[in-house]
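This report concerns only the one structure given below.
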Protein chains: 6
Amino acid sequence: MRLETSSWTDVDEASPTTALLPVGSTEQHGPHAPVGTDTIVARAIADAADRASDAESIVGPTIPVGIAPYHGNFPGTCFVSAETFRRYVRDVVESIADSSVETVVFVNGHGGNGETLSHLAREVTAEDAIECEAYLWEWMRAVDEHVGHAGELETAVLLHLCPDDVGDPVAGDAATWADTVDGGVVHQFTDEFSENGAVGDATDASPEQGERVFETAVDALVSFLERVRSEDGDEGRETGGSAQS
Amino acid sequence: MRLETSSWTDVDEASPTTALLPVGSTEQHGPHAPVGTDTIVARAIADAADRASDAESIVGPTIPVGIAPYHGNFPGTCFVSAETFRRYVRDVVESIADSSVETVVFVNGHGGNGETLSHLAREVTAEDAIECEAYLWEWMRAVDEHVGHAGELETAVLLHLCPDDVGDPVAGDAATWADTVDGGVVHQFTDEFSENGAVGDATDASPEQGERVFETAVDALVSFLERVRSEDGDEGRETGGSAQS
Amino acid sequence: MRLETSSWTDVDEASPTTALLPVGSTEQHGPHAPVGTDTIVARAIADAADRASDAESIVGPTIPVGIAPYHGNFPGTCFVSAETFRRYVRDVVESIADSSVETVVFVNGHGGNGETLSHLAREVTAEDAIECEAYLWEWMRAVDEHVGHAGELETAVLLHLCPDDVGDPVAGDAATWADTVDGGVVHQFTDEFSENGAVGDATDASPEQGERVFETAVDALVSFLERVRSEDGDEGRETGGSAQS
Amino acid sequence: MRLETSSWTDVDEASPTTALLPVGSTEQHGPHAPVGTDTIVARAIADAADRASDAESIVGPTIPVGIAPYHGNFPGTCFVSAETFRRYVRDVVESIADSSVETVVFVNGHGGNGETLSHLAREVTAEDAIECEAYLWEWMRAVDEHVGHAGELETAVLLHLCPDDVGDPVAGDAATWADTVDGGVVHQFTDEFSENGAVGDATDASPEQGERVFETAVDALVSFLERVRSEDGDEGRETGGSAQS
Amino acid sequence: MRLETSSWTDVDEASPTTALLPVGSTEQHGPHAPVGTDTIVARAIADAADRASDAESIVGPTIPVGIAPYHGNFPGTCFVSAETFRRYVRDVVESIADSSVETVVFVNGHGGNGETLSHLAREVTAEDAIECEAYLWEWMRAVDEHVGHAGELETAVLLHLCPDDVGDPVAGDAATWADTVDGGVVHQFTDEFSENGAVGDATDASPEQGERVFETAVDALVSFLERVRSEDGDEGRETGGSAQS
Amino acid sequence: MRLETSSWTDVDEASPTTALLPVGSTEQHGPHAPVGTDTIVARAIADAADRASDAESIVGPTIPVGIAPYHGNFPGTCFVSAETFRRYVRDVVESIADSSVETVVFVNGHGGNGETLSHLAREVTAEDAIECEAYLWEWMRAVDEHVGHAGELETAVLLHLCPDDVGDPVAGDAATWADTVDGGVVHQFTDEFSENGAVGDATDASPEQGERVFETAVDALVSFLERVRSEDGDEGRETGGSAQS
């Protein structure tokens, strides 16, 4: 169920133990993909996994703005500082944790949020005062291929989810985030190496491909939810290691 | 236009001078109204005013969680601290201001956000480093009658906007926010004076009434946008006073 | 007893269970009332209620500067940010709570401090690490009539308390805080709608009226202290609701 | 003139260029001296110097609570963290600086505030965005003899200023702040080395001695005001060095 | 030259335009490598590049503790929060920038510091108030092979730099940072997947290999310094893009 | 043992109960002494005391930059704000405390860090969540004579420790920190009263004198470690008072 459209009595009745928190970004995604791409994809995956999962889950509010200062020179990009982002998500998690929820999973759609969310998940899990465990999940890690930025995979997923919001897919001005030279970061802003803002070639993206990628991601998230649920329920985090073998 | 579904080139072309920033809350709204009520209403009003206005406007990302600790004892309520909220919205405004946008209007759907947003609007306007003016607008102030909490007016607007997400309207356990006794605040949490969480009687709410209230609010916002636009353009904020006479 | 003029052994002997913390502001109050009006009134009410109450109370240090950025364009106005204010008062409460004091009541004289103090009272009460309950009390809420800004009521109270510090009462340039138009806040600074800084007409204010208003406020605070004391002592905060019926 | 009891029009007319900001503390001062000793003395000296000085000065609000965690185990002691203290005083100075005031002098009555105020004065002076210079002045540095804690000098000054608030002067349980052993600080709280909280012997303190000490301090402050005023006016801070010769 | 062992007159004479700031970590590096590995390597590379470079460079103080909470369950690991780390390094850079230095290069030895330093470099470069450009350089990016954690490459470099501080190289309990399953992070602490704390097999590491790797890294840094120097000097950062072609 | 060059298994085996944390500064020390003087001396004393002491001690990472804004106008000076410094050291202590360490002793080489470290030591000791006690130790307090700034004593110690890094000792342009006039601080930056940056006359400094001073400091620290160890072990901090008699 989606929290936004449920009443508190609905939530009380369902007593969800797992909360999916979609975390997106509002940032340029080339000339063809919407600025809200990361938000749209994260929310859609969270909703789909929530429906497909056996877990007693709920989809929390979508965090719409993340850490994207390097896209700041493109119109339409919004961002917050890493510390502001951490505080906002943390406060949200704290208020969610004060309920039936025992596990919070960040469903992240923007790579730039990853490290901060990863630290936060650890912080929340380790902190006695917050009574829940938190985990980071990213759809970009759940698919085999490399997800560029407004490249083939991301554009395909958008064509599957919201074709009306996608323009004519283009080839990005850069094939990769080529920001490292001699071991150092020379490009601090995207517009220094990509005029159109896209990384990767989206011209061959299709909605069919997008559906396959989307389903792969949703399946992975459903599996991940199952995994953290059983770990938490059975033996606690200490035994997590053996789950790998 | 809505920022989330536009590409950066769309934004670049439109070069909007006014940004509407919907600010909501995720908090209990009685047994019949969704937890996301304030978010839903703020976003809908911003979108409608954006379409109806002559201003070159854009609707920014919706801030989904605000200042609502007093509802914290009800399941499904999320909130952040006033300082975290201020920082998050401020960072978003700063990144928006670094563009064609000259005026940001907070379209607020939750009373608890009001004072912090009001201070922030003043702070942004006064700060030279942030090149835009900011204003607070609240739909609760734009309608003549008192808007309770999940009461008649709010429920009516929801019946107009998203009837499927509204349960059977109830009478709130409290008629008003009766938290002051002898000049002091005795009730610090909503559940101390209202078991079902609603304030006001929503049983007579109708979608027709909701549509009227909604249109009134949208018209007021359109008028407000016109007002701040002309003031900014003509003579600057100093002449604001005469607009009152 | 007043903390400032007592020794630690006096405090130790008295072992007060309730602390009144006067919270004021240093801000323009029209051409006739002193900049310290809110501080003067809050302190005087706290002192009088402390003397009149049966509670084992003490009057803590008076917080002299609060949240008043909107008066910032008038000479003599001092203010701090909401977060700075919250931190300062919170630290003071924390150090007070580490004693015999079980209840802290903010005796607030400035409307602009209200919401932040209200949040802080809730925060302190809810936080296990701070061993006291905190409540917000405001004299402006304890009197029936509307208290403007350097208007009739406030000026009358000053004529009762410190007539030598009051100039010739004037009629304010504004009858009300008319800052809302079309649901939005157009005036962010007081000088945009009031040249002399006063709101309301103080020309008929008299010390006799001031004494009546003052006594009403003091009586209300004494009653409020009794109320929170009995609630805390008897059954705890959970039963607060019944006190309303 | 004292800001608290002046109207904004009084301030506007006087257009003071120097603001004296009394900074005190609320902390145990032995069994005979009031908890507000540092506040009382700082305020009295600032008021007297303001009257005696030719400078166009004003006395700002008195900061009543400072940095005194080491006295925290005695009843009646209040304190804030160094960072909270810095923020509060800084915000006050910023709002004062946005006026005719060009120089702010902290009139400090509590040693524990000294280093933080010294850093803050430097910070304010160096920061272009705050248009004033700030200086630290401490009465304990202005008198030749060592000022203990509720010892002879401090008690004498209180006997001069507010004899009714002083109990029978005692000999402190410690002659000096003997907290260093082998180069390290072994005692982190006053009650570890002084049961009655006083440092130094106050039994011989007299109001006559207090008057002399007080006048010495006031004269020094008047002289200091003259010094910083002429330096600022004439040649700027760079020439301060020559004042030493 | 190294700042630590130079006098201010030495620095004044040299008037360096580039500052290398070694940034390390104090964290477990398996049973054979010292806890200060990242600090030792970063400092050594910075010193060597400083000597080899034609740039007028200086090596600043080495930041010894970074972001390493995931190693926290191993004895000897120290870490600070990302925000604390950012603030500390930023303050250091600000004070360095107030001199002849125009370019600051973070010579980073710990992957966990990377993203925060990358954001900080961008922040510093973009901020007008800080008059220098900052860049992130990491030796792990400068060598072709993957650098594990106390694995072959890192151990080899240590055998070259400080053989006495290296124990018998071991094979790590994990071959890679295998923390992602189904797209989510399951292991939040290193001890969940590696008992001895090492990642990669160091048993074949040799000082000769270490010397080669070290020289490769130093050469890359020298080249990077040349690059950012010429870019800054010639045409500014805007032309950075062409350096990629 | 020194943490930097030990492996985590070394630390695990030793299970140290006392951690010495050297805290230095990077600031001008006249034309003859290195900018890192305070860091060099603090680290050397900590290492020597660690070796000489019977305590199961370890020397943690050296904090290289402290609170030295007043030296900021000299090339080569680095500094951080007091709050940044406090946060950084506190985070380090927190991570150290989560181990076998029960006592942390700050071995401070820079007077400007003293008060902040003293507050922090108290804060750490008093905070239940951090399971260790912290103490401030300063070598400047451990020697009988007054330690200037790059004066005779400090220079002598450097001549003993690192003669190659010391230039021709000079007489400082100031004999003392003559910053107080009429009870106020007139000089906020060192360059206002000393052109060469040194305070005190170092021309007679000798390595022999330096060795004696150094040994005195080390002996004092060893004795201090013994003291806090026995106090903690035996009767706790409450009995500290008797150590004074």
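Values in this text are rule-based calculations from the coordinates and carry no lab data. All values reported here derive from a predicted model rather than from experimental measurement. All Cβ positions, even for glycine, are placed from backbone atoms using ideal geometry, and neighbour counts span all protein chains on display.
Under 1.5 on a/c is rounded, so check that first for segment C:44-153, then, if it is not, pick prolate when a/b is larger than b/c and oblate when it is not; a ≥ b ≥ c are the square roots of the alpha carbon gyration tensor eigenvalues. Spell out each step's value before the answer.
Details: a/c = 2.01, a/b = 1.30, b/c = 1.55.
Oblate.
Between the alpha-carbon centers of segment D:155-205 and segment A:1-68, tell me the distance in whole angstrom.
61 Å
For a footprinting-style exposure proxy, rank F:CYS162, A:CYS132, F:CYS78 by other Cβ within 10 Å, fewest first.
Lowest count first: F:CYS162, A:CYS132, F:CYS78.
All other residues with a Cβ under 12 Å from the Cβ of A:ASP38 taken together, and with Lys, Arg as +1 and Asp, Glu as -1, what is their net charge?
Local net charge: -3.
Please identify which residues in segment C:52-73 have an amide N closer than 12 Å to a label point set 7 Å out from the Cα of C:ALA14, following the Cα→Cβ vector.
In segment C:52-73, the label zone of C:ALA14 (backbone N under 12 Å from the point 7 Å along Cα→Cβ) covers C:52-53, C:55-61.
In nm, what does the list of distances from A:GLU211 to its counterparts in the other copies look like, shortest first, when each label sits 7 Å along Cα to Cβ?
When each copy's label point is compared with this one, the spacings are 3.7, 6.3, 8.6, 8.7, 9.9 nm.
Which of D:HIS160, E:HIS110 comes first, and how do the rest follow, when ranked by fewest Cβ neighbours within 10 Å?
Taking fewest neighbouring Cβ atoms as first place, the list is D:HIS160, E:HIS110.
Per the helix-only calculation at 222 nm, which mean residue ellipticity applies to the protein assembly as shown, given -39500 (n - 2.57) for every DSSP H run of n ≥ 4 and division by its residues, nearest 500 deg cm²/dmol?
It comes out at -12500 deg cm²/dmol, rounded to the nearest 500.
Would you kindly work out, in nm and rounded to one decimal, the distances from the label point of B:SER230 to those of the same position in each other copy, ordered shortest first, with label points 7 Å along Cα-to-Cβ?
5.8, 6.0, 6.0, 6.8, 8.6
Among C:TRP137, F:TRP139, which comes first, then next, by fewest other beta-carbon atoms within 10 Å?
Values: C:TRP137 32, F:TRP139 28.
Fewest-to-most ranking of C:TRP137, F:TRP139: F:TRP139, C:TRP137.
What does the copy distance list look like for E:ALA171, label position 7 Å along Cα→Cβ, in nm and ordered from shortest?
Label-point separations across copies, in nm and ascending: 4.6, 7.1, 7.7, 7.8, 9.5.
Considering the rotational relationship between chains B and D, which residue of chain B contributes the beta-carbon of minimal distance to the axis, and what is that distance to the nearest Å?
Per the Cβ-to-axis criterion, the result reads B:ALA129, 5.
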